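Enquirer: So that we are looking at the same thing, I have put the structure below in structure tokens.
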Amino acid sequence: MPADLSLRDRFKLGLDAPICLTWELTYACNLACIHCLSSSGRRDPRELSTAEAKRIIDEMVEMQIFYVNIGGGEPMVRTDFFELLDYASSQNVGVKFSTNGTRITAENAKYLAGLGYLDIQISIDGADRATNDAVRGEGSFDAALQAMEYLQDANFGEFKISVVVTRQNAGQLDDFRALADRFGAQLRLTRLRPSGRGVDTWDQLHPTAQQQRDLYGWLVGHPDTLTGDSFFHLNALGDPIDGLNLCGAGRVVCLIDPIGDVYACPFVIHDEFLAGNVRAPGGFANVWRTSELFQELREPTSAGACASCGSYDACQGGCMAAKFFTGLPLDGPDPECVLGHGEAALKAQPVQLVRRPSGDHSKPIPVVLAAR
Amino acid sequence: MSLSSAAEAPSFDLARGWTLSPEVALRPEKFGALAYHYGNRRLVFLKSPELVALVEALGSFDSVSEALQANLAPERHASYAQALARLADSEVLVAR
């Protein structure tokens, strides 16, 4: 629809405040998922204090950022987690938080069910224990399902089950769907990026070309599945999947990390995409509105090597983070380009160039879940 | 994109008075505004500053027709009435 295209073009120029703000509260995590986009594990001593975190919520109110996506690390391990939830709620800032579910108890599930303006997203990466635990660690599947049961028993209502689509679980989409139905939950599928610890595991985990085609067909057949607008690179296969269908990095999307650093998107925790820090004068609003990086990202982009491809308008060249961390030029094809151009570009690299994330909060040794 | 995909609400009566829902906040943007509904948590895009002005003024008129006459040239009434109907459909507007 032309009306949508013009709106998309306007979004590319950036908005006065983000639509989709992700805020990671801590790098601490009791799991050690092998694809963790933020290489989380250990808390960073520079993490924002409770007062600083509340100041960010105040800024959201001032900027009319109506809701925030909270993640981590595992956000529930922050001792002030519920205090921050209460504060956001009292300021009428909607919260959706992502959790591995290990810290949800029968008791706090009732409390969470009583908070009006809250979405919860429980992550699993396999529809069965073996597939999930291979990525997220032993015991994590059972813990996530236990959390879902607690939420159901507390009459929380419709929570979300969030799945990163991998080569190993791409054949389980119907099973995920059935699991969501069983809990009256919504299914959310998102794209695996070679970010964080995913830099090292992407080769083994990312879906095959055939799986991508099947996934596209499945998403078209299940339009009520949430995708976080993350699969727009698949749009070269046919009619667009519902969503904004553009890279929103620095335009409508950004990340505030646990130490207050602002990145263009949650998948590019790297110095090249660091726009500033909320602790600097002017706070988050100043970073969003004036950072040089974000100004650049809002300039019209060139299709580069994709200019001659008839599908560029559909896929927009794909995901910036996926290109960056596989060493591909940002104005060329996505490594998972459905027409195969990315694979060819990866093969043509004289040396496999893989960029490393700037920070790594991984624990030296994977932690056993039962030890918490 | 709610604005372009929602069908025209059949119940939208131009002779009635409508107003911005008290549950909706408008955030001004260069292209127009974002409308956020705290009740149904839907985000809707108002794609022109003229539409934003019309929505903001709507509550002070006894009918949509009067608001259209006061704010826009006659040739634009039909398309803006349609846009308002869609906003009513997404509960951004409520009948007075």
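Enquirer: Limited to region B:73-86, what total is found for residues that are away from chain A (no Cβ under 14 Å) and open to solvent by less than 20 Å² (accessible area, probe 1.4 Å)?
Expert: Of the residues in that region, 3 qualify.
Enquirer: May I ask you to verify whether B:L20 is over 29 Å from A:G116 (Cβ atoms), within 11 Å of the chain's Cα centre (by Cα) and at pLDDT 95 or above?
Expert: no
Enquirer: Continuing with the same structure: So A:L244 ticks every box in (1) aliphatic (A, V, I, L, M); (2) touching a Cys at 6+ places or on another chain (Cβ under 7 Å); (3) within 24 Å of A:K160 (Cα to Cα) but one. Which box is left unticked?
Expert: Only one criterion in (1) aliphatic (A, V, I, L, M); (2) touching a Cys at 6+ places or on another chain (Cβ under 7 Å); (3) within 24 Å of A:K160 (Cα to Cα) is unmet by A:L244, namely (2).
Enquirer: Which condition breaks for A:Y263 when tested against (1) over 26 Å from A:K12 (Cα atoms); (2) modelled with pLDDT of 95 or more?
Expert: A:Y263 satisfies every listed condition except (1).
Enquirer: Identify, please: which residue in region A:64-118 is at positive phi and either in a helix (DSSP H, G or I) or away from chain B (no Cβ under 13 Å) (or both) and is, among those, least open to solvent (accessible area, probe 1.4 Å)?
Expert: If we take residues in region A:64-118 being at positive phi and either in a helix (DSSP H, G or I) or away from chain B (no Cβ under 13 Å) (or both), then A:G101 is least open to solvent (accessible area, probe 1.4 Å).
Enquirer: Separate question: Could you tell me how many of the residues in region A:9-40 are under 19 Å from the mean Cα position of the chain (by Cα) and at positive phi?
Expert: 1
Enquirer: Contact list please: Cβ distance under 8 Å, first residue in region A:1-17 and over 13 Å from A:D313 (Cβ atoms) and open to solvent by less than 40 Å² (accessible area, probe 1.4 Å), second residue in a loop (DSSP other than H, G, I, E, B) and at pLDDT below 85, pairs at least six apart or on different chains.
Expert: A:L7/B:M1; A:F11/A:L244
Enquirer: Continuing with this model, one more query. I'd like the residue in region A:10-24 that is touching a Phe, Trp or Tyr at 6+ places or on another chain (Cβ under 7 Å) and of a type outside the set (G, A, S) and, out of all such residues, is nearest to the other protein chains (Cβ to nearest Cβ).
Expert: Ranking the candidates gives A:R10 first.
The values are calculated or read from the model by the stated rules, or taken from the named source; none is laboratory data. Just so it is clear, the model here is predicted, and its values are computed rather than measured. As a convention, Cβ positions derive from the backbone with ideal geometry for all residues, glycine included, and neighbour counts pool all protein chains shown. Just the protein is used for accessible areas: all its heavy atoms, side chains included, with ligands, DNA and RNA removed. Shrake-Rupley method; radii C 1.70, N 1.55, O 1.52, S 1.80 Å.
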